[in-house]
Each structure stands twice: as C-alpha cells, then as structure tokens.
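Chemist: One structure coming up, written as structure tokens, with questions to follow.
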Amino acid sequence: MITPGGLGTVVALSLLVASGLAASGRTRPPAVAGAFYPSDPAALRAEVEGFLDGAAPAAEPAIAVIAPHAGYVFSGATAGKAFAALRGAKPSRVILLGPSHHAGFTGGALPDASLTAFATPLGAVPLDVEALARLRANPEFGGPSSAHGPEHSLEVELPFLQVAAPGETSRQRPLWRRRWRRCWVPARW
C-alpha cells in the first residue's frame, strides 16, 4: 500500500518487459519535443547519453529511481544521475509517477483505447493494451483520456529509459491519478 500524503495530482506509467510486440493503431506523438528536450533524435540521444555518462557508476542496478520531470536544461543532469542507476538493470516493471499539469480529475485516467504507443524522437514505446483494457473495467480509472495529450511529466522520462535500459520499455501502461490516498498495486495489471 502506498499512502503518500500531499502529493496532489499524480501521473503513473508502468512499463512491462515484453519483447517483440508489434504496435498497431495510433501513437501519441511527443507533446514537448523541441521545447523540453531536443526533437532531433541524434541530438536527443547525445544529450541523454551525456547526462547518463555524467553520473557516477551505480554499485548495482537500482530497484527504485526518483527523477525530476522538467525540461532538460533545468533537470537533465539530475535525471541522468537518477536513470544512470538503471544501466545494466533488467527490470520487469518500471513505474513512473508525476503530476498532471493540464487536467484535474478524480481517480485515474488512461490513454484513449485507440492509442497503442507513446512516441519520442527516439521511437515509439508500445502500450500494454491488454492491461489497459483490464484497468478500464475499474471505475477508479474513469478520468479523462485527454489528460495524456499535452502532458510532459512522463514524456520527458521516456528518452532516459530508452537509452539507459533499451529494450526494457517495450510495453507501457499509462494511467493518471488525481490523488493518492491509498493505492494498492495489483499483483497482475
């Protein structure tokens, strides 16, 4: 059970390792590429690698990372230090939490059912559409799918995951929470 007091609006994104999945359907385009981070793939990869390389090597791969979600000019070096701890890790699940800056709602918000991937300039990260379908059956996740459109808080984390743990972000299950009073993470999403 997670019971963080005073977190306000929170966005969560879970990534499940599953290779070789083909995404068909619509892809959420990057909302803040070119503003919060480079829109050119080569420049983005070089910048993220530079931030990651600026971190001291981790003694062992992290099981939890806390990283900022601002534009890279403000938070890239700090995010690089955090995500560098994932190099060499083989996570079965990565959960990202961040605030919703554009929508207020009760409970969680899942992306539109027609979305099958989130894109960054480094490529698309497929969604775990089966898990999202199961979550849609839960009334706790009745928030607006439109909340995902303009939001940057998780988008800016994805390039770090794509570079630090390539191949480990092949299916994601994004959801948004307005408030976390009590949250049980189900054993099987």
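Chemist: Please name all residue pairs, on different chains or six or more residues apart, with Cβ atoms under 8 Å, provided the first residue is in the stretch 80-105 and is crowded, with 18+ Cβ neighbours inside 10 Å and modelled with pLDDT under 75 and the second residue is outside any loop (DSSP other than H, G, I, E, B) and polar (S, T, N, Q).
Modeler: Within 8 Å, the pairs are VAL94/SER14; LEU96/SER14.
Chemist: Starting from the stretch 35-53, keep only residues that are surrounded by fewer than 19 Cβ atoms within 10 Å (Cβ to Cβ), then list their pairs with residues that are outside any helix (DSSP H, G or I) whose Cβ atoms are within a distance under 6 Å, requiring at least 6 positions of separation or different chains.
Modeler: Correct list of pairs: SER39/ALA33; SER39/PRO121; PRO41/PRO121; PRO41/LEU122.
Chemist: Take the residues of the stretch 143-170 that are in contact with a helix residue (DSSP H, G or I) (Cβ under 8 Å, 6 or more places away or on another chain) and more than 15 Å from TYR72 (Cβ to Cβ): which is modelled with the highest pLDDT?
Modeler: So the residue we want is ALA165.
Chemist: Take the residues in the stretch 106-120 that are of a type in the set (Ser, Thr, Tyr) and closer than 24 Å to VAL32 by Cα; name whichever of them is surrounded by the fewest Cβ atoms within 10 Å (Cβ to Cβ).
Modeler: My answer is SER114.
Chemist: Turning to a different aspect of this structure: For the stretch 121-132, does any single residue satisfy the condition of being aliphatic (A, V, I, L, M), surrounded by fewer than 21 Cβ atoms within 10 Å (Cβ to Cβ) and within 19 Å of ALA33 (Cβ to Cβ)?
Modeler: yes
Chemist: ALA77 passes all but one of (1) in contact with a Phe, Trp or Tyr (Cβ under 6 Å, 6 or more places away or on another chain); (2) modelled with pLDDT of 95 or more; (3) part of a loop (DSSP other than H, G, I, E, B); which number fails?
Modeler: For ALA77, the exception is condition (3).
The values are calculated or read from the model by the stated rules, or taken from the named source; none is laboratory data. Being a predicted model, the structure only gives us computed values, none of them experimental. Here Cβ is always computed from backbone atoms with ideal geometry, including for glycine, and neighbour counts include all displayed protein chains.
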